[in-house]
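In what follows, a single structure is set out as structure tokens and then discussed.
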């Protein structure tokens with residue numbers, strides 16, 4: 001792709017995305033499932049992309065680094081227990097306070113690749129990669 005600007009033409013094979021567009025923050029959310037009563041609206045979390053590049057070479061691609069922060073694991077517990085309530089040790093194992101994670105990703109066409117992804121919180125450390 002070629003940018004038409006006054007003066008010399010410039011190739012736009014890869015461009016950065018401004019930092020202020022790359023953060024999603026959620027505050028004061030509550031959760032409820034068919035099996036539990038609603039929680040107080042005290043959950044918060046954020047998803048940020050401190051490095052984000054748009055590659056317009058052969059095919060459109062998005063590459064970058066992501067950071068995840070959450071006050072606790074209630075969204076995950078609500079998702080997993082939507083059809084059937086979690087009991088005893090399963091619910092306790094999935095209940096984690098203060099989650100923080102990061103990783104690298106690439107999205108091109110219909111393929112999402114995640115590498116060096118790690119999440120830490122309470123008694124849990126999860127490391128993963130998927131393509």
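With 126, 62, 76, 66 as the choices, which residue is surrounded by 12 or more Cβ atoms within 10 Å (Cβ to Cβ) and in contact with a helix residue (DSSP H, G or I) (Cβ under 7 Å, 6 or more places away or on another chain)?
Every option except 76 fails the conditions.
Could you pull out the residue among 24, 47 that is modelled with pLDDT of 65 or more, within 20 Å of the chain's Cα centre (by Cα) and surrounded by 13 or more Cβ atoms within 10 Å (Cβ to Cβ)?
47
The values are calculated or read from the model by the stated rules, or taken from the named source; none is laboratory data. Nothing here was measured: the structure is a model prediction, and the numbers come from that model. Note that we place each Cβ from the backbone using ideal geometry, even for glycine, and neighbour counts take in every protein chain shown.
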